[in-house]
Amino acid sequence: MATMERTKEAINIEEICTKYRPIISFRVKKSLGASTPEWEDVVNEIITNVIEKLKKGEFRGESSIGTFIYTITSRRIIDYIRHKSKVLKHTPEPAHYPDPQEYIENKERAELMANAIKKLKPKYREVLYLYYYKDFSREEVAKKLSISPRRVSERVNYSQKLLKKLI
């Protein structure tokens, strides 16, 4: 008990802040990056945490005060990184801006495809329309056109071959 009282007396909170704040700041900036806007907040949280633990008597003097502060700093940095990575995992990716060249190519490809589809016989056009555009299943298309599902597959495959030839 006497060692704890001496330890408390020997610990001057202002002196600790003055001596260890630059060290903590350096470590946090190095770990999180100086461009991270919250690094100063993390440093302040660490200093506050150290002061609270000292006042509560959680520092028993079994190690140096520097080691005690280093451990608190390390744990807080790890907590911050874990929290940020959790937040980033659940943040949706922003939509990328369409590339003008890609947009033009897609538009030309769509026009080319539309013209090729217009050249197909109506029975092939209709199967493609129902199957791809309306997103019907083979069975639904078969029922709608009064043909077998196998016949739908044959028409879709044949239509694709014709389109490849036309394009």
Test for R60: is it farther than 28 Å from L128 by Cα, at pLDDT 90 or above and either outside any loop (DSSP other than H, G, I, E, B) or out of contact with any Phe, Trp or Tyr (no Cβ under 7 Å at 6 or more places or on another chain) (or both): no
Options I65, I117; residue that is touching a residue at least 40 places away in the same chain (Cβ under 8 Å), surrounded by 12 or more Cβ atoms within 10 Å (Cβ to Cβ), in the same structural domain as E15 (by TED's automatic domain parsing) and on the phi < 0 side of the Ramachandran plot: I65
Subset of the range 71-87 [of a type outside the set (D, E) and either without any contact (Cβ under 8 Å) to a residue 24 or more places away in the chain or loosely packed, with under 14 Cβ neighbours inside 10 Å (or both)]: T71, S74, R75, I78, I81, R82, H83, K84, S85, K86, V87
Flag for P37 being at pLDDT 90 or above and either exposed (fewer than 15 other Cβ atoms within 10 Å of the Cβ) or part of a loop (DSSP other than H, G, I, E, B) (or both): no
Check on I72, touching a Ser or Thr at 6+ places or on another chain (Cβ under 7 Å), under 30 Å from K30 (Cα atoms) and assigned to a helix (DSSP H, G or I): no
Residues satisfying the stated conditions in the range 8-22, i.e. in a helix (DSSP H, G or I) and either among the aliphatic types (A, V, I, L, M) or modelled with pLDDT of 80 or more (or both): A10, I13, E14, E15, I16, C17, T18, K19, Y20, R21, P22
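The values are calculated or read from the model by the stated rules, or taken from the named source; none is laboratory data. Quick caveat: nothing in here was measured; it's all calculated off a predicted structure. So basically every Cβ, Gly included, is an ideal-geometry build from the backbone, and we count neighbours across all protein chains shown.
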